[in-house]
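Working notes for the structure below.
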Amino acid sequence: MELPRGMKDFEGAENANIEHVRYHFKQLSNLYGFSFMDPSPIELLSTLETKSGPGIRDEIYYFKDKGDREVALRFDFTMGLTRYAASQKSMKLPAKLSSFGGVFRYDEPQKGRYRYFHQWDIEIYGKPSIESEAEIIELTSRLFDSLLLREITIDINHRNLVESYINKIFNSNDPELVADILRAVDKIAKKSKDEILKEFQAKGYQTEKIEKILEFSQIKGTISEVEKIFDTTQLGSWNELKQLFDSLENRGVSNVRINFGIVRGLDYYSGTVFEVFDKNSTLGALAGGGRYDTLTKAFGRDDIGATGVAGGVERIILTMQEQKIIPKILQKRVAVLYINEEMQKVAYSIASLLRLNNIPTDIDLAGRNLKKQMDIASNAQLSIIVGPDELEEGNVVLKDMVNGTEGTISLEKLTEDPKSILNLEKP
């Protein structure tokens, strides 16, 4: 009776944390005008191979269905949303789409991510523009603000900028060489410098050139800080990055910096790329995104570009736990208890009445004694105790489960206006 490797059950408290992130994400995505949708959890395998090629099979769940079609479980939302957007010939542009839900990846389980995990995602489709990038990054920053996370940094780069530097150092425009060196840059966060140098020496690359690339990838800072230590005039798309930072400053987004080591997935991205980190955590990126116009082209739409971001929900929750800001459930619960079997019928009637008034209510269903019923009251802020002496006078006992105070209240008044009597007018 074991689960497959990399799978897990999401219990009450963990599910509540996921719903907490979902609530903040949906509130913000609506605030910024994104249309929420849930793309199909199953895609044709050929769709998922559109950009990544057959190699993606090693990283995903795929199988043949009963119609002998090769299908796969979604590994992110970007592919499904882009397939959808590309198919909507009459869709008004720019189109802003958002999603939240579970995705599947057949990779090595790690802290903060199993083979089934949750993501939030926003995408903008339409004519490429700096303001689309700025909007995506602004919403990302605001989401982490709304979750009360501290010390969050958004590291931004441009793929064309890195590629132009690689072309200069190697005096080559060979796409395969560029892709290979980008892999070296991508490895710097996971491997030591010596390991990378040895690996690329074995491939025939000159050590001093790889060293220059790795030194370049370590450059971080504000626009002015980077310009003081590096001749940015030799870099492609530097002015585009400056425009993006101007737009973000105008929007009041200040937790951003340049990081020449950010290149992200080699198969998707074609322009601006960025990743979100907690400065004090070793968990890795909490979210990442950028421009990926090549994917819309691969789906047959040369007329639209795309930019977006996705974040790992479980990893964000782990960061919230590290920062000790996991919220307590704010919902006020009421437990209805009964002294004996004769009081049970009245107690059930009260519980049903409270639920009809949208008050979360618990009541014992097993006819247990009062002491054992108190177990269900442990998660409640208030408990209503139905006893024969109080009921004879038309009252019930109301107990505050937080501070232990109690008193009697009129059953008639309780049934007339339970929210007011229980002081539950405000959530």
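Taking 8 Å as the Cα distance limit and 6 or more residues as the minimum spacing, I'd like the relative contact order of the chain as a percentage. Display every interim value, and only then the final one.
Values: 696 pairs, mean separation 63.8, N = 427.
Computed value for the chain: 15 percent relative contact order.
Taking springs between alpha-carbon atoms closer than 10 angstrom, which of Val162, Val397, Val309 fluctuates most in the Gaussian network model of the chain? Sorting by GNM fluctuation, first place goes to Val397.
The mean accessible area for residues of the range 197-305, using a 1.4 Å probe and ignoring ligands and nucleic acids, is 47 Å² per residue. Note on surface exposure: Tyr116, Tyr268 rank Tyr116, Tyr268 by accessible area, highest first, 1.4 Å probe. Largest first, the residues Ile229, Ile326, Ile122 sort by 1.4 Å accessible area into Ile229, Ile326, Ile122. About its Cα centre, the chain has a charge dipole of approximately 680 debye under the convention of +1 per Lys or Arg Cβ and -1 per Asp or Glu Cβ, with nothing else charged. Build a GNM of the chain with springs between Cα atoms under 10 Å apart, and of Leu411, Leu81, Leu318 the one that fluctuates most is Leu411. Rounded, prolate or oblate: which fits the range 254-328 when a ≥ b ≥ c are the square roots of the eigenvalues of the alpha-carbon gyration tensor, with rounded for a/c under 1.5 and prolate only if a/b beats b/c? The shape class here is prolate. Which one of Thr140, Val71, Phe104 has its Cα pushed farthest toward the positive end of the charge dipole of the range 38-163, where Lys and Arg give +1 and Asp and Glu give -1 at the Cβ? My answer, from the dipole projection, is Val71. Net charge of the neighbourhood of Gly252, taken over other residues with C-beta under 14 Å away and scored Lys/Arg +1, Asp/Glu -1, is -3.
Entry note, the range 72-177: relative contact order of 21 percent, from Cα contacts under 8 Å with a spacing of 6+ residues.
On a 0 to 90 degree scale, rounded to 10, what angle separates helix 78-87 from the longest Cα axis of the chain? Approximately 80 degrees, to the nearest 10. The apolar share of the surface of the chain, taken as the fraction of accessible area on carbon and sulfur atoms (1.4 Å probe, ligands and nucleic acids excluded), comes to 48 percent.
Between Ser349, Ser217, Ser237, the Gaussian network model of the chain with springs among Cα atoms under 10 angstrom shows the greatest mean-square fluctuation at Ser349. In order along the range 333-343, the Karplus-derived 3J(HN,Hα) couplings, from 6.51 cos²θ - 1.76 cosθ + 1.60 at θ = phi - 60°, round to 9, 10, 10, 9, 10, 10, 5, 8, 4, 5, 7 Hz, and Gly and Pro are given as x. The residues of the range 377-427 present an accessible area of 61 Å² per residue when probed at 1.4 Å with all protein chains retained.
Listed values [x] 94, 57, 48; [y] 65, 44, 37; [z] 61, 50, 48 include one computed from this model; for Cα extents along the principal axes in Å that value carries the label [x]. A 1.4 Å probe run over the protein chains yields, for the range 1-125, 54 Å² of accessible area per residue, whole-number rounding. Between the helical axis of 313-322 and the longest alpha-carbon principal axis of the chain there is an angle of about 70 degrees. Taking the longest Cα principal axis of the chain as reference, the axis of helix 130-146 is set at about 40 degrees.
The values are calculated or read from the model by the stated rules, or taken from the named source; none is laboratory data. This structure is a prediction, so every number in the text was calculated from the model and none was measured. Every residue, glycine as well, gets a Cβ built from its backbone with ideal geometry; the counts of neighbours run over all protein chains shown. Remember, those area values only see protein heavy atoms, side chains included, never the ligands or the DNA or RNA. Shrake-Rupley method; radii C 1.70, N 1.55, O 1.52, S 1.80 Å.
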